[in-house]
Structures are given as C-alpha cells and as structure tokens.
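Here's the structure we're looking at; comments come further down.
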C-alpha cells in the first residue's frame, strides 16, 4: 500500500454505510459539532483529521452513540446506518455497538486473560454455541487482529501483560470479535511507537476488506498512508470531505490547505 | 566553554537570587520540621498510651491459682441431691486441714476468703460431671480471690499498715504458708478470654463480650455491606446527576459525621420503642452499628468506583455491554479491593463504638455468653466501660487487658484491610 502514490489511490467502493445529515452536538452550552453532513462508505478507510478540539472524536463517538454515556451531551440531526436511523428510540445502543465496534486511543484491554478479552463480546451477545465455537471465534478474531501468532501459546495470561502495540491489536481483535460492520478508531496509534504504529496501520489496511473503517488521527501522514477518504474538521465544522488524494494534493478550501501544509493546527 | 564558566560563576554568586533561594530552602526545611514534629508527637502519645495499658494490663494476663487436695465428703455431698450440696463446707474443711489450729466462725471465714467465690462452683461442676469422685480425694486448682491475687502480684503491699489493706496479717501469713507448700501457682489467665463476666474480678472474662461483639459485627456487616454497596452503585453509576442526588450526597456525608450517640438514641426510639425488639441484644446492637457503618461504606465504595479508569468502562461499552454488565462485570470487581478496605475500616470503627450500645442496654451485667443474637449480651467496648466503672481493684488491670484485646482485634482488622488492598490492587 505504501508503494501507491496517494494521488493514484481511488475509492473502488461506492456503497454508503453511514450517512449523517445536519448533525449538531452540544456539550451543555458548547456547540461542539455544527451541522455536519457526511457519507461514509463501506469497505473504505475514512480518516477524520483536524486540529485538537475540532470535534472529530466527538463526531466519531456519535456513530456508535458513545456520547449517550455523557450526561451533558446532546446530539441532534440524522445519522443512518444502512438506511436505519441509529438515534431512533427503538434502537438499543447496546446492539448498535456490537455492529459498530470501537478502538480507543489508549489500549484498554480488560484486566482478564487474552482469551476472555476476546470472548467477552461474543459471550454477552450470545454469538457462540458452546466452547468449541467460542474457541473458533477467539482464534479467528486474534488472526484478524494480526496477533494470533504472538499470543496463541499464552491465551490464558492477562491481556494487560502485553506490550502497548500488542495490547492495541488485542483491542482491535476484541472489537472485530462481535462481527461488526464498522470499526471506529479514535487515534489508535497515538500511544504507540513507530514500529507498533506500522503494524497497526498495516492491520487497518487489511481490515478494509471486510469492514468500513473510520479513523480519527492527529497525524496527517497516517491519514495519507491508510485512508481512501479524508474529512477535515475545523472548529466543529466539516470543512472538506473527499478522496484522500484530492484532499492532500488539491484541497479546495484554504483552511484545509493551511492545515495540511502546517500553517494552522 | 565561556558560557559554562559564566554559568558556574552565576551558580555560586550571591545577590538577590541567592537570598531568595535561601528563603525557599528555609521554608522547605521548616515544613519538614513541622511534619517530623507532628509525627513524633503522635508517636510519643501512642507510646504513652500503649505503655500505660501494657504496664497495668499485663498483670491481668496471669491469675493466681491455688491447688488443693479436696476430700469430697459423702456426708456433705450426696449424689442424689446434685447439683446441690455442701461444696462450700467441703472447701472450708479442706482449708482447715491445712491450718488445723484455726478456730471460730469468723476466722474460718477469713481463711476461706483466700479462695475465690467461684471455687465452690468449680468443685460442683466437677462433681456433677463425674459423681464417682464422691468419697475420694481429688486435686482441685481454683483461682484465689482478688485481694490475694493482688497480694501475689505485689499490688497489695505488705508494708501498708494492716488497717489500710484488704487482707490482714493473719491472712498474709496463711497465704505465705500455702505458698511455701507450693500450692500457689500463677498460670496464664485463659479465663480472661474463656469466662463470661462476673462480679468477682478473678473470675471475670471477656467471653460474653467477644461473642456479643461478634454477633453485633456480623449483623452490622450483613446489613450495611449489601445496602451500602447497592446504594453506592446506584448513586455513582445509575442515578441522574441533579439537585436531588446532590442533596442525597450531602446528607450521606453528613450522616457519616453524626455523633454515634445520636444513632443510639434513634435505635432506642425506633428499634426498641416502636418495634419492641429485645433490649441488650446483639441483633439491635448490630442494626444500630449498621446505621453508622453504612455511610462509611457508601463513601468508600463510591470512591473506589470512581477510581476505576474510564477506559475500562469505555472498552466494555464499546463491545456492546449494557450499563449493568459494565458495572457488575468490570467496574465492581476492579473496585472490590477498595470497597473491602473501606468496609473493614468501617467495621473496625463499629467494633470500637460504645455510646450507641450503651443506649440500647448492651452494658448490662450478664454472666453468660449469648447463644444467639437475640440473647442479652455486652460488647467489647461496653465491657471495658463496665469494668472501668467497677470498684474492685482487680478490674483495673482487667480493664487495661480488655482494652489491649480490643486493640488487638482492631489492629488485626486494619492489617487485613491493608493486606487485601495490596493483594488485589491492580496495576494498569
């Protein structure tokens, strides 16, 4: 993937996964997200970039209703997943989050064994019938997380004993264990060293084949390396959204240009 | 190089920077000195407390006993009349065989005063348990009465004028004679732990208080632990944050600071007055202590729940766990060490609590250990209160010994709390 110049990378998938219209987010009196419209495609890596506090993480957390857990947070507008309104009263956020997995900034494995870390999601959602099936899911998920070879001999040791990069891949494996359709990643590499970052980025590229991946990143290089589409947020506004190649080589908005050339941010 | 030398010149030079630096250093030294002084003061006070307790209390760790060869006279004790019988007369006769020249009721009385009043009951229990010894001579070891225990431990001084001490010269002479014959011994005072309370210091023990405290603490734990944790989980994890929950929070913090005597009055009015529950019962004592312990547990639990890193909650929510699964599957187990520590410290507080127990009558004089939480009983602190209030000299050292027993339990509970915290503390 690194061989392909970003200008030649094209999005080959046009099926829309998430479509957001007129999304507003308020934290008490603060207007954090202002009128964002965006369509996120399936089997694509979409990067959200922008300076700190621009609302990219907030918007990401709207997509699996993680903001519901913050009392003072209020979300308005429409967000549809496969045409279904995820803020509909009949939608249970618990079910939504099984379909829309999330990986966090700091690796946060449960203080349990590696096996239990992966098996937790399938267990609570009743995805496995019996031990053999669960074993299978665990192995498959760890393979997807590109960490199986490193941990297959110590599945019952605590997940917190792994290195930072391994922990993050374990968290990705945990997120894919519930068979989600979308993976949200909130700065997944910001706590990792360059080697672990490279491994996780490689993994993200592989995951694109099965999932729609949305990644928030502070690193424009990372956005350029892994994503096909990029959205630039600034002060709560979605300034520009388009193919990564276009955003990085031919930005339409001057704020985008200032940011990617390092003048603001 | 020139820069460096210029810098090193600056570092040793005087001037304003240097005097400011000296001032800062001085205030730091002052602060440290104050801290050390405070800790030393606390340490000295603790040392004084413990050494005064130990120096008076260690006397109660042994109890003077006398070993007698008792002829169980079939004239006085008849099998068919057991457990009645002339045990007192048998003992008096035994003492008289040691000193055949003692005559007159008053003198015989003085002689038998050497023995504890409980001696006759010890003999009675022994005969009742095995009536075949009637008509035989048995060896019987019984406590001596309190004044002679004091004499043996040199708490009653022989130099004191006769009219000012509780044993007269004649009695001292008898006692010394018995001592010379090797009949007096001073073994460890297990009776302090195995006997219940008694009017006679040489027989008084803490068994009733220990059992009473155990029942009270057990009931306190059974009530306050689940209720406290439940309330804390609800308030911390589920309750909406609004004026109402703020009000509840303030009130819980206030409850933790309410003087314990107020809880005692509340229990007196509600548990005894309205509900008509039994007076002096560890059940009521435990319920009263639970009222006091619950705020402590709620506060400790909320702090422990707050200390669980939010990343764990997010991780669980992120894979689709419901709020209830997040709390009970992830947050609560991680908070458990903190909760247990808080609970044990709360219970240790309850163990030492006196005032509310006094109000519900757990300072009654009860000479047997309670068989159930509904029987009348005392508790350790109230037993200390009773003994401290007793006029007999023998209770002075026993009070200190009882305080040491109470402190031992408190230290053990606090050590358990520290052990649990270190053992289960997780590192992220």
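Quick note: the coordinates plus some simple rules give every number you see, no bench work behind them. Since we're looking at a predicted model, the values are computed, not measured. Methodologically, a virtual Cβ is constructed for each residue, glycine included, from the backbone with ideal geometry; neighbour enumeration extends over all protein chains shown.
Most simply put, the protein assembly as shown has about 70% antiparallel DSSP beta bridges, counting only bridges with both residues inside it.
Sorted from longest to shortest, the spans of the Cα atoms of chain A along the three principal axes equal 54, 46, 31 Å. P(r) for the stretch B:301-363, from all Cα pairs and a bin width of 10 Å, is 21, 33, 19, 15, 10, 2 %, short bins first. For the stretch B:303-428, the average shadow cast by the Cα convex hull is 10.8 nm², which is a quarter of the hull's surface.
Averaging the sequence gap over all C-alpha pairs within less than 8 Å and six or more residues apart, then dividing by the number of residues, gives the stretch B:193-273 a relative contact order of 12 percent. The alpha carbon centroids of the stretch B:299-315 and the stretch A:17-56 are separated by 29 Å. For chain B, the relative contact order comes to 19 percent (Cα pairs under 8 Å, sequence separation of at least 6). Within the listed set B:307, B:388, B:106, the residue fluctuating most in the Gaussian network model of chain B (springs between alpha-carbon atoms under 10 angstrom) is B:106. The length gained on full extension between residue B:105 and residue B:47, counted as 0.36 nm times the residue separation minus their Cα-Cα distance, comes to 15.8 nm.
Note on residue B:242/residue A:31: beta-carbon distance plugged into 1/(1 + (r/R0)^6) with R0 of 22 Å gives a FRET efficiency of 0.45.
Describe numerically, in nm with one decimal, the distance between label points set 7 Å from Cα along Cα→Cβ at residue B:166 and at residue B:253. Using points 7 Å along Cα→Cβ, the separation is 5.2 nm. Helix content alone sets the calculated 222 nm mean residue ellipticity of the protein assembly as shown: runs of n ≥ 4 DSSP H residues at -39500 (n - 2.57) each, divided across all residues, give -16000 deg cm²/dmol.
With only Cα atoms counted, the stretch B:357-425 has Rg and Dmax values of 15.5, 50 Å. With N the number of residues in the stretch A:96-176, Rg(Cα) / (2.2 N^0.38 Å) evaluates to 0.99. Highest GNM mean-square fluctuation among B:320, B:43, B:15, for chain B modelled with Cα contacts below 10 Å: B:15. What the Cβ-Cβ distance of residue B:421 and residue B:199 gives, at R0 = 56 Å and to the nearest 0.05, is a FRET efficiency of 0.80. Annotation: the residues A:66, B:30, sorted from fewest to most other C-beta atoms within 10 Å of their own C-beta, follow the order B:30, A:66. Computed across the stretch A:172-214, the Kirkwood hydrodynamic radius from all distinct Cα-Cα pairs reaches 10.8 Å. When chain B is treated as a GNM with alpha-carbon contacts under 10 Å, the residue of B:363, B:414, B:107 showing the greatest mean-square fluctuation is B:107. Per-residue Cβ neighbour counts within 10 Å put B:190, B:215 in the sequence B:190, B:215, beginning with the fewest.
Which residues does a label at residue A:263 reach in the stretch A:211-226, if reach means a backbone N under 20 Å from a point 7 Å past the Cα toward the Cβ? Residues A:220-221 fall inside that zone. Across every pair of non-identical alpha carbons in the stretch B:234-368, the mean reciprocal distance, once inverted, gives a Kirkwood radius of 16.9 Å.
Rounded, prolate or oblate: which one fits the stretch A:214-265, using the alpha carbon gyration tensor with axes a ≥ b ≥ c (rounded when a/c is under 1.5, else prolate when a/b beats b/c, else oblate)? Taking the square roots of the gyration eigenvalues as a ≥ b ≥ c, the stretch A:214-265 is rounded. Residue exposure proxy: A:106, B:157, ordered by other Cβ atoms within 10 angstrom of their Cβ from fewest to most, comes out as B:157, A:106.
Going by the alpha-carbon gyration tensor, a ≥ b ≥ c the square roots of its eigenvalues, is the stretch B:79-229 rounded (a/c under 1.5) or, if a/c is not under 1.5, prolate (a/b greater than b/c) versus oblate? Oblate, because a/c is 1.5 or more while a/b does not exceed b/c.
How far is helix B:2-12 tilted off the main Cα axis of chain B, in degrees rounded to 10, range 0 to 90? Once rounded, the angle reads 40 degrees.
For chain B, the extents of the C-alpha atoms along the principal axes are 106, 65, 36 Å, listed from largest to smallest. On the beta carbon distance between residue B:265 and residue B:374, with R0 = 22 Å, the FRET formula returns roughly 0.50. Contact order, relative form, for chain A: 29 percent (alpha carbon pairs under 8 Å, 6 or more residues apart, mean separation divided by residue count). Note on the protein assembly as shown: semi-axes of the ellipsoid equivalent to its C-alpha gyration tensor, largest first and rounded to whole Å, are 79, 31, 24. With a ≥ b ≥ c taken as the square roots of the eigenvalues of the C-alpha gyration tensor of the stretch A:130-225, please select rounded if a/c is under 1.5 and otherwise prolate if a/b is larger than b/c or oblate if it is not? Judged from the Cα gyration tensor, the stretch A:130-225 comes out oblate (a/c at least 1.5, b/c at or above a/b).
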